Amino acid sequence: MNQPSTRSIAEATNASRRGTILVGILVGLVLLASALMAVAISGRREQDLTMRRMESMRASYAEEAAAQIAVRELVSRQDDDGDFGIGSVAGGNIASGIIVGSSRAAATAAPAGTVWTVQPMGSNGLSNRAATLSLTTSDYVPGLFVECFSVASPTSVMLVNWNATPTAVGIAPNVNFVHIGGQQTWAGGLSSNYAMRYRGLINIPAAGLWTFSITSDDGSMLWINGSNVIDNDGIHTAVTRTGQVTLPAGVAFFDLRYFQSVNTHRLVAWWSGPTVPLTTLIPPSAFTCDPTLAVPPVVGVTSLSLAGSSLAGYFSKSGAYGGGNITTDFSVQTNATTAGALAVSVGTLSGNAFCGVGGTPSTVITTSSGGAISGTRTAATSRAAVLWQTAPLDMLATSGALNVTSTTTINTDRRYSSITLNTANARLVISGHRVVRCDGNFTIGSNSTLEIAANSSLRLYMTAGTLSLANTSQVNANTADPTRLHVFFTAASLSMTMAGSATFHGSVFNPGGGLTMTGGSTPEPTFFGVFHGNTMSTTSTALFRADASFGSTTANTNLLTGWRQTQ
């Protein structure tokens with residue numbers, strides 16, 4: 001056998017070494033490539049992770065912003081984002097919500113009594129950051145806050161600029177206006193080319209499915225808690241449309257928007273539900289509101305005259321007039337801009353005075369013969385809307401004339417051709433929450449009394465005649481609470497008069513007529529409460545004590561009593 005030479009062995013050894021080196025180099029290159037690939041993959045992963053983190057942060061920021069906007073709306077009671085709902089953002093629709101980077105978010109708010117849960121939603125799904133708010137509505141006032149706008153040739157609710165300065169503002173007990181002749185919706189207002197928004201809280205008596213109906217001429221739309229329940233938009237004659245919504249018991253936000261083009265006009269709101277089996281007019285007792293603009297407790301649309309009398313203010317929510325419950329933080333207003341339309345002679349106005357939009361306060365608001373105004377004199381930015389109301393359409397036939405000579409109790413809704421209390425010790429007692437329609441004179445004299453029992457109230461509709469108080473008669477003096485009695489004059493040229501030592505505690509709305517108080521007796525005739533009418537005149541020591549709680553925004557700062565993150 002031939003043995004390999006030393007050279008052959010050396011060459012083989014060298015070749016093996018070269019192969020090992022090459023393998024080592026290849027392995028090294030592979031490892032380097034793997035390392036480089038790992039670095040590249042790690043970089044991409046880190047970049048992807050960073051991007052995901054950034055998107056997550058954007059989504060979180062968007063959801064947090066939506067929650068904050070919703071909370072702000074609930075606290076301020078304003079629709080900041082224009083989605084027709086208070087406490088919601090983009091109506092809960094993420095696709096049209098707020099944008100942060102590539103993320104979108106919206107929010108909804110659901111009430112359960114006075115507790116509201118704000119739930120933000122983002123494009124990456126439902127947020128786990130809900131906010132629970134404890135709200136109070138104790139500072140709300142009865143009725144709906146109404147804004148009236150002048151609109152050129154309106155054709156749709158959705159085309160009205162609801163953020164414009166309103167032509168007039170007021171408070172309506174409910175939604176119940178039916179066109180009669182050439183009657184305008186509010187005193188001195190427009191009969192065509194206008195729009196109105198009614199908003200506030202509606203109290204839902206029981207949880208369940210509720211049906212709402214709106215009759216309007218022309219268009220209207222209703223939102224409950226930000227959800228569009230009824231779409232009755234467009235130019236049309238009186239049309240009734242209906243919508244349904246499931247609601248919990250407690251309060252819900254009510255937002256009704258309406259426009260009138262030309263010719264006849266009408267707007268009426270109805271409901272039915274678990275505790276209201278038949279479709280009925282939504283009663284004033286269902287509504288409360290917080291005016292975004294102050295509504296004065298005393299308005300004389302065309303004139304307001306104080307001669308030898310005193311007009312001061314108090315907060316009825318704090319009790320009877322007197323002691324520490326007297327305030328100068330209230331206003332009276334006329335919509336007129338003519339010279340002397342708001343005049344104080346000999347007497348005193350212990351509050352602020354407003355004249356009509358564009359008027360010159362020093363010319364319109366005057367004092368003479370020692371008359372004094374303690375507060376400011378200013379031109380209003382919006383007119384005061386003294387709204388016409390229609391007597392309930394479902395009242396029974398008249399029971400004829402009611403002549404009270406001793407004690408009579410009204411414990412059902414009634415309609416009379418006239419009412420008279422003009423004998424010694426005559427008492428008319430209202431038991432329960434009652435509606436009374438009077439189609440003629442309502443006369444209260446002698447030492448007669450109209451009393452409102454505990455847990456009761458009266459809505460009086462005067463469709464004709466005069467409401468007159470004389471001698472030592474007393475109306476609602478037993479409760480001394482003007483929110484228990486509301487008087488609505490439903491036709492033009494009707495009046496309320498007070499003379500002798502009569503006292504009255506209530507709220508009177510007389511868009512087509514006035515109030516005349518004639519003093520001179522001891523004690524003086526005294527009105528405690530609210531008066532909105534076409535004219536107001538007080539003479540010779542008559543006393544008017546204005547309820548500054550009505551339409552006030554100064555005390556309404558305690559809406560939010562608690563707020564916590566629930567998750």
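The values are calculated or read from the model by the stated rules, or taken from the named source; none is laboratory data. All of these numbers come straight from a predicted model, not from anything done at the bench. Backbone-built Cβ (ideal geometry, glycine too); neighbour counts: all protein chains shown. Accessible surface is based on the protein model in full, side chains and every heavy atom, while ligands, DNA and RNA are left aside. Shrake-Rupley method; radii C 1.70, N 1.55, O 1.52, S 1.80 Å.
Here are some notes:
- Computed from the C-beta positions of S374 and N325, the FRET efficiency with R₀ = 22 Å rounds to 0.80.
- Using C-alpha pairs below 8 Å separated by at least 6 residues, the relative contact order for region 167-308 is 32 percent.
- In the context of the full protein assembly, W271 retains an accessible surface of approximately 10 Å², using a probe radius of 1.4 Å and ignoring ligands and nucleic acids.
- Under 13 Å from a label point set 7 Å out along the Cα-to-Cβ vector of A401, the amide N atoms of region 415-455 belong to 417-422, 440-443.
- Rg over Rh for region 294-445 works out to 1.09, both radii taken from alpha-carbon positions and Rh defined as the Kirkwood radius.
- Once all protein chains are placed together, D231 keeps about 90 Å² accessible to a 1.4 angstrom probe.
- Here the accessible area is traced with a 1.4 Å probe on the protein chains. For region 419-544, carbon and sulfur cover 48 percent of it.
- Fully extended contour minus Cα-Cα distance, from V357 to Q244, at 0.36 nm per residue: 36.6 nm
- Hydrodynamic radius (Kirkwood) for region 234-275, which is based on Cα pairs only, to one decimal in Å: 13.3
- Alpha-carbon centroids, region 264-337 and region 404-456: separation in whole Å: 23
- Inverse mean reciprocal Cα-Cα distance (Kirkwood Rh) of region 201-309, Å: 15.8
- Accessible area (Å², 1.4 Å probe, nearest 10) - W270: 70
- Dipole size of region 359-515 about its Cα centre, with +1 on Lys/Arg Cβ and -1 on Asp/Glu Cβ: approximately 140 debye, rounded to the nearest 20.
- On the basis of the beta-carbon distance and an R0 of 60 Å, A339 and T211 show a calculated FRET efficiency of 0.70.
- Inter-probe distance in nm under a simple model that places probes 7 Å from Cα toward Cβ, at T117 and N193: 5.0
- Using a probe radius of 1.4 angstrom, the carbon and sulfur fraction of the accessible surface of region 313-353 is 53%.
- R0 of 22 Å, Cβ-Cβ distance T409-A464: FRET efficiency to nearest 0.05: 0.35
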